[in-house]
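One structure below.
The values are calculated or read from the model by the stated rules, or taken from the named source; none is laboratory data. All figures in this text were calculated on a predicted structure; none of them were measured in a lab. Here the Cβ is made from the backbone with ideal geometry for all residues, glycine too, and neighbour counts use every protein chain on show. Side chains included, ligands, DNA and RNA excluded: accessible areas come from the protein's heavy atoms. Shrake-Rupley method; radii C 1.70, N 1.55, O 1.52, S 1.80 Å.
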Amino acid sequence: HSIEFDDRIIVNQTADEGEIGRDEVVTFSTSCPNCHQTTETNMCMIDIPHFKEVIIMSLDCDCGYKSKEIKGGGSIPAFGTKITLTVKDSRDLSREVLKSDTSGVSIPDLDLELDEGSLGGMYTTVEGLLLKIHDRLVVANPFGIGDSVIKNHTDNDGGSFSGPKDEHIKFNALLTKLKGMAAGGNFPFVVILSDPLSNSFVGPIPEIAIALSRQAENEGSTKC
């Protein structure tokens with residue numbers, strides 16, 4: 001799974017040699033999986049208040065290959081986490097979001113649900129999360145937008161066209177609403193993160209509903 005970062009949040013620093021400390025970026029040499037040349041990986045251990053330690057690793061090779069990883073510190077927790085955030089104003093859009101690749105995302109107001117692993121992991125804001133969901137839907141459905149939606153050939157002569165299909169109209173309406181939410185035009189709305197491994201976080205904590213549920217022993221998943 002890929003990990004995406006919002007550049008407004010991640011700021012690289014130069015760390016002294018020695019033991020890895022919290023909030024300290026350590027750089028070490030590694031082999032690029034794409035070109036097999038020597039490149040550098042940045043690693044940082046962050047202790048998030050009211051959450052736990054996470055390890056962030058970033059590789060950015062000159063060949064263009066990029067790799068980002070977020071790993072939760074410690075053992076696998078006994079409880080999964082369901083985070084429910086009601087986005088009321090622009091301050092909520094600026095909340096930091098640590099979404100692991102094991103977390104699913106749902107937006108009930110749009111009847112939209114992305115299962116665990118479908119969006120990948122990322123460290124961004126609520127606004128950034130909405131925009132990334134929008135962009136991922138566009139990439140995953142290339143024929144849901146553009147001229148192919150507006151006009152469809154009804155014969156082989158190319159002179160007759162039909163109107164857009166209902167599913168295309170609904171899909172484009174969904175994309176418009178997502179962008180409107182990210183721009184702060186559709187308050188209030190709810191965003192839910194469901195993570196069976198409790199590796200996701202939305203901060204700061206106040207006014208966020210967090211539910212814990214014990215891991216399902218026979219399914220290896222969490223039902224919140």
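The set of residues in the range 73-98 that are of a type in the set (Gly, Ala, Ser) and closer than 30 Å to residue 109 by Cα comprises 80, 90, 94. The set of residues in the range 62-94 that are under 28 Å from residue 39 (Cα atoms) and among the basic types (Lys, Arg) comprises 66, 68, 71. Of the residues in the range 95-110, not one is free of Cβ contacts under 8 Å to residues at least 60 places away in the same chain and in a loop (DSSP other than H, G, I, E, B).
The residue pairs whose first member lies in the range 18-32 and is within 17 Å of residue 65 (Cβ to Cβ) and modelled with pLDDT of 90 or more, whose second member is assigned to a loop (DSSP other than H, G, I, E, B) and of a type in the set (Asp, Glu), and whose beta carbons are closer than 9 Å, counting only pairs six or more residues apart or on different chains, are 32/62.
Just name the residue that is nearest to the chain's Cα centre (by Cα) out of those in the range 171-183 that are open to solvent by 30 Å² or more (accessible area, probe 1.4 Å) and of a type outside the set (Val, Ile, Thr).
Across the range 171-183, the extreme among qualifying residues is 179.
Mind checking whether some residue in the range 113-127 is part of a loop (DSSP other than H, G, I, E, B), open to solvent by less than 10 Å² (accessible area, probe 1.4 Å) and within 21 Å of residue 176 (Cβ to Cβ)? Checking the range 113-127: at least one residue is part of a loop (DSSP other than H, G, I, E, B), open to solvent by less than 10 Å² (accessible area, probe 1.4 Å) and within 21 Å of residue 176 (Cβ to Cβ).
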